[in-house]
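Presented below is the structure to which this report refers.
The values are calculated or read from the model by the stated rules, or taken from the named source; none is laboratory data. In this text the structure is predicted, and so the values were computed from the model without any measurement. Cβ placement follows ideal geometry from the backbone for every residue including glycine, while neighbour counts extend to all protein chains displayed.
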Amino acid sequence: MAALESAQKLKAKFGALLSEPSEFRGEISLTLADAEQIFEVCSFAKHHAGFDYLVDITSIDNYGADPRWTLVYHLRSVKNNEELRISTSVSEEKSELPSVLGVWRTVNWHEREIYDMMGIRFAGHPDLRRILMWEGYPYFPLRKDFPLAGKPTDLPGVAFTQPAPLEGGPFVTAPGPDAISREPRVRTPEN
């Protein structure tokens, strides 16, 4: 298993900063103890272990736990046809970690989306601004403490004279006996 060998190479380089590689369903993962070192770990993974492509970064809100957020970097070696996951955690007080834009240019929008939806900042990102919500939007909609029904708010600089209907609208599923009746697109306004 080449991905396991690559993970062991990273573990040998960074020692106690990285967990022992774990395997689940043929997928290899490492956990980074210090999020401040993510740039160095990712740089080594690209330049010395062959992970030339960042597939995605996912963020998980562990609301009520400390550290609050877990970020998972999904890496791929196109040449070697192997994949590796590196996860790290960030506390709510800090809620910032280094950007890896200097390693993979494709991370630009991934980091902006995580900032926009979760409020996690990436130090050193040259254009860290909202990508889905408008500038000035005061909330982070994918946090678990954000109400499912949304929050009422005014849209700045838009031709509305009343608050915009951000209380969920058709995107909130309704209680019901089966998935089809809960699906927002099949409901009528009376439901």
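Each row is one residue, and each column tells you yes or no for (1) over 14 Å from the mean Cα position of the chain (by Cα); (2) surrounded by 20 or more Cβ atoms within 10 Å (Cβ to Cβ); (3) of a type in the set (A, V, I, L, M).
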| residue | (1), (2), (3) |
| --- | --- |
| Glu82 | yes, yes, no |
| Thr88 | no, yes, no |
| Leu97 | no, yes, yes |
| Asp127 | yes, no, no |
* **In the stretch 19-36, the residues that are closer than 12 Å to Arg85 by Cβ and surrounded by 15 or more Cβ atoms within 10 Å (Cβ to Cβ)** => Ser19, Pro21, Ile28, Ser29, Leu30, Thr31, Leu32
* Structure fact -> Output for Cβ contacts, cut-off 8 Å, separation at least six or different chains, first residue within 15 Å of Thr58 (Cα to Cα) in the stretch 101-129, second part of a helix (DSSP H, G or I), reads Ile120/Ile114; Arg121/Tyr115; Phe122/Glu111; Phe122/Ile114; Phe122/Tyr115
* Asked: Hey, does the stretch 86-105 have a residue that's modelled with pLDDT of 95 or more and basic (Lys, Arg)?
  -> no
* Tell me which of these Thr70 doesn't satisfy, since it passes every other one: (1) of a type outside the set (Lys, Arg); (2) modelled with pLDDT of 95 or more; (3) more than 30 Å from Pro141 (Cβ to Cβ). => (3)
* What residue, of Phe44, Phe39, is surrounded by 15 or more Cβ atoms within 10 Å (Cβ to Cβ), touching a Pro at 6+ places or on another chain (Cβ under 7 Å) and under 24 Å from Trp109 (Cβ atoms)? -> Phe39
* **Top-ranked residue in the stretch 96-124 [being in a loop (DSSP other than H, G, I, E, B) and not β-branched (Val, Ile, Thr); ranked as farthest from Leu148 (Cα to Cα)]** => Gly102
* Residue within the stretch 17-36 that is free of Cβ contacts under 8 Å to residues at least 40 places away in the same chain, more than 24 Å from Leu142 (Cα to Cα) and among the hydroxyl-bearing types (Ser, Thr, Tyr) present -> yes
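Glu111 - would you say it is under 23 Å from Met133 (Cα atoms), modelled with pLDDT under 95 and assigned by TED's automatic domain parsing to the domain that holds Arg129? Working first, answer last.
Details: under 23 Å from Met133 (Cα atoms): yes; modelled with pLDDT under 95: no; assigned by TED's automatic domain parsing to the domain that holds Arg129: yes.
No; evaluated as a whole, the condition is false for this residue.
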